[in-house]
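Take a look at the structure set out below.
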Amino acid sequence: MNLRAQAILNNKPGAPNFLRWFFCMEKDDYGLDFEVCAIGLGADPSSVRLRFQSYMYLRWIVLNSPIGFLVAPPPEEMLSQSTYYGGQVGAIIMRHTWEWPGIPLQKLVEDVAKSGFGVKYIYNSIGALQEKKYLLDWNDNCYAVGSRGRLLDRNNPWRSRF
């Protein structure tokens with residue numbers, strides 16, 4: 001699992017297939033299922049995926065399109081907190097960002113607006129999620145990091161100390 005994660009983060013051959021293996025509910029060429037492997041190693045698959053999203057943020061990995069079809073759902077706690085902080089559209093924003101790590105902000109707003117929400121309301125929700133560090137952006141590329149965002153912010157040497 002670690003070698004596959006390193007291949008994705010370093011953009012080595014096979015990275016797209018490994019990324020789909022991490023996030024989509026499909027087996028690899030050897031019949032290995034990500035969730036079974038994670039549980040076998042004593043880890044919660046959702047937690048591993050969430051942590052991996054934060055690594056993608058830290059390395060500024062930007063995808064050209066969503067990960068794939070049948071992406072595993074984000075952690076339920078993250079969705080409920082996103083609804084609490086971001087209103088009705090908060091969970092939709094987080095799901096969309098979860099399925100497409102590094103999605104450009106403008107594309108995120110356009111896609112979520114297709115759900116019937118106003119652009120101003122969407123931007124307000126994105127702002128609230130960013131303030132709570134559930135949604136982080138790097139050069140207008142958005143990442144769903146959930147509560148890990150506060151940990152990433154603690155490690156930021158440029159943040160305000162006051």
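State whether the residues of the range 113-129 include one that is under 22 Å from PRO45 (Cα atoms) and either part of a helix (DSSP H, G or I) or open to solvent by less than 70 Å² (accessible area, probe 1.4 Å) (or both). No, that holds for no residue.
Scanning for something in a helix (DSSP H, G or I) and not acidic (Asp, Glu), does the range 130-141 turn up at least one residue? Checked against the condition, which is being in a helix (DSSP H, G or I) and not acidic (Asp, Glu), the range 130-141 yields at least one hit. Open to solvent by 70 Å² or more (accessible area, probe 1.4 Å) and either assigned to a helix (DSSP H, G or I) or at pLDDT below 90 (or both): is that true of GLU26 in this structure? Considered against the rule, which asks whether it is open to solvent by 70 Å² or more (accessible area, probe 1.4 Å) and either assigned to a helix (DSSP H, G or I) or at pLDDT below 90 (or both), GLU26 comes out as yes. Evaluation of ILE67 against the conditions (1) of a type in the set (A, V, I, L, M, F, W, C); (2) assigned to a helix (DSSP H, G or I); (3) under 21 Å from ASN141 (Cα atoms); (4) open to solvent by less than 30 Å² (accessible area, probe 1.4 Å) shows that the sole unmet condition is (2).
Every residue, every condition in (1) of a type in the set (Lys, Arg); (2) in contact with a Leu (Cβ under 9 Å, 6 or more places away or on another chain), yes or no:
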{"site": "ILE39", "(1), (2)": "no, no"}
{"site": "ALA43", "(1), (2)": "no, no"}
{"site": "SER47", "(1), (2)": "no, no"}
{"site": "ARG51", "(1), (2)": "yes, no"}
{"site": "TYR55", "(1), (2)": "no, yes"}
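Is it fair to say GLY87 is surrounded by 15 or more Cβ atoms within 10 Å (Cβ to Cβ) and not basic (Lys, Arg)? Yes; evaluated as a whole, the condition is true for this residue. Count of the range 130-151 residues, restricted to those that are touching a Pro at 6+ places or on another chain (Cβ under 9 Å), buried (at least 21 other Cβ atoms within 10 Å of the Cβ) and closer than 15 Å to TRP100 by Cβ, is 4. Residues considered: ALA43, ALA72, ALA38. Of these, the only one that is open to solvent by less than 10 Å² (accessible area, probe 1.4 Å), more than 24 Å from TRP138 (Cβ to Cβ) and among the small types (Gly, Ala, Ser) is ALA38.
Among the listed residues ARG59, ARG49, which satisfies the condition of being within 18 Å of ARG148 (Cβ to Cβ), surrounded by fewer than 15 Cβ atoms within 10 Å (Cβ to Cβ) and touching a helix residue (DSSP H, G or I) at 6+ places or on another chain (Cβ under 7 Å)? Break it down stepwise before answering.
Working: ARG49 fails: surrounded by fewer than 15 Cβ atoms within 10 Å (Cβ to Cβ).
Exactly one residue qualifies, and that residue is ARG59.
Summed over the range 29-53, the residues that are outside any helix (DSSP H, G or I) and either polar (S, T, N, Q) or under 17 Å from the mean Cα position of the chain (by Cα) (or both) give a count of 1.
The values are calculated or read from the model by the stated rules, or taken from the named source; none is laboratory data. Values in this document were obtained by computation on a predicted structure and should not be read as measured data. Neighbour counts are summed over all protein chains in view; Cβ atoms, including those assigned to glycine, are modelled from backbone coordinates with ideal geometry. Side chains included, ligands, DNA and RNA excluded: accessible areas come from the protein's heavy atoms. Shrake-Rupley method; radii C 1.70, N 1.55, O 1.52, S 1.80 Å.
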